[in-house]
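Here, each number is a calculation from the coordinates, and none is a lab measurement. Computed from a predicted model, the values in this text were never measured in an experiment. Cβ coordinates were reconstructed from backbone atoms using ideal geometry, including for glycine residues, and neighbour counts include every protein chain displayed.
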Amino acid sequence: MVELDHQFTMPKPIDESWNAILDLERLIPCVEGGSVLEKTGPESVKAQIKVKMGAMSMKFTGTVTVTEQDAANHRAVMQVKAREAGGQGHANADVVFTLNNGGGNLHTAAQITGKAASMGEGTVSAVLDALIADFTTKLATL
């Protein structure tokens, strides 16, 4: 299990930022290599991400679901469940967004198995950290 925390800024009013975070079809493309394949429900999508880890490139496909929404406190929890294409690996994560005026916090608890995990926890952590840092920079454009 890898746990990471990131701060981010969102220059728009908090209610606009809140709506943007909950709009998975806008949110997921902010992740490098991420795309939405189809909307599967009001709070869920089927998505994929292409990740580069060292010399390896992997594709994960799965679901992203908003499992909790607390509009009063601007806190949302999303669950990511993905499987490595053509492999045995999984990438699952619980992602918690807590917004405040001008930005917020992002807490990620990820569990990676398979080829990606064989790279070692340090590499997995570094790749995830870079991916999330890039993502939080793009949140400002939503």
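For each of S57, S17, S44, count neighbouring Cβ atoms within 10 Å of the residue's Cβ, then give the residues from fewest to most.
Neighbour counts put them in this order, fewest first: S57, S44, S17.
May I ask for the distance between the Cα centers of the stretch 64-128 and the stretch 30-54, given as a whole number of Å?
12
Which whole-number percentage describes the relative contact order of the stretch 2-139, with Cα contacts under 8 Å and a sequence gap of 6 or more? Show your work: numbers first, answer last.
Working: 289 pairs, mean separation 38.0, N = 138.
Relative contact order of the stretch 2-139: 28 percent.
Looking only at Cα atoms, what is the convex hull volume of the stretch 9-142 per residue, in Å³? Could you put the intermediate results ahead of the total?
Working: hull volume 12.6 nm³, N = 134.
Normalising the Cα hull of the stretch 9-142 by residue number yields 94 Å³.
Put a dot 7 Å past each Cα toward the Cβ at N19 and T113; how far apart are the dots in nm?
Output for this residue pair reads 4.0 nm.
Please report, in debye to the nearest 20, how large the charge dipole of the stretch 2-139 is about its Cα centre when each Lys and Arg carries +1 at its beta carbon and each Asp and Glu carries -1 there.
Numbers: 12 positive and 16 negative charges, 105 e Å.
Here the size comes out at about 500 debye.
Need one number for the stretch 25-85: average projected area of the convex hull over its C-alpha atoms, nm².
Values: hull surface 18.7 nm².
Directional mean of the projected Cα hull area for the stretch 25-85 stands at 4.7 nm².
Run the simple label-point estimate for A72 and K12 please: 7 Å along Cα→C-beta, distance reported in nm.
2.5
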